1. Can Glu25 be described as touching a Ser or Thr at 6+ places or on another chain (Cβ under 6 Å) and either assigned to a helix (DSSP H, G or I) or surrounded by 12 or more Cβ atoms within 10 Å (Cβ to Cβ) (or both)?
2. Can you tell me which residues in the stretch 28-48 are under 15 Å from the mean Cα position of the chain (by Cα) and exposed (fewer than 11 other Cβ atoms within 10 Å of the Cβ)?
3. Being in contact with a Leu (Cβ under 9 Å, 6 or more places away or on another chain) and either closer than 22 Å to Tyr73 by Cα or part of a helix (DSSP H, G or I) (or both) is the filter here, so list the residues in the stretch 35-57 that pass it.
4. Can you tell me which residue in the stretch 12-27 is farthest from the chain's Cα centre (by Cα), limited to those that are among the hydrophobic types (A, V, I, L, M, F, W, C) and under 23 Å from Lys75 (Cβ atoms)?
Amino acid sequence: MWSIGCILVEFCTGDALFQTHDNLEHMAMMEPICGKLGARMMKLANKATQQKLFKDHKLDYPNSETSKQSRKYVKAMRPLKVSSIFSDSS
């Protein structure tokens, strides 16, 4: 379902929503668009995922391994304006 939503956004805007293959960077890109991850969602993740992505009940981003380029990409993410995607601009 998530992939279909991302494809629809790409179809409507002409841009890929998340241009990354790194899981932590992907999650960091999602937060400005979808909102902060809730504690419940973090708890539902398996232990391996929790250890890789979360620290002190929040997303472990940026961390000491985060590149400047990654920080730049994540900082450039903006919330979607849903009404403008689906409105008729003609």
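Read-outs: derived from the displayed coordinates by stated rules, not from any lab. From a predicted model like this one, the values you see are computed outputs, not experimental measurements. Every residue, glycine as well, gets a Cβ built from its backbone with ideal geometry; the counts of neighbours run over all protein chains shown.
1. Taking the combined requirement at face value, the residue satisfies it.
2. Selection gives Gly35, Gly38, Met41.
3. Within the stretch 35-57, Lys36, Leu37, Met42, Lys52, Leu53, Phe54 meet the criteria.
4. Result: Ala16.
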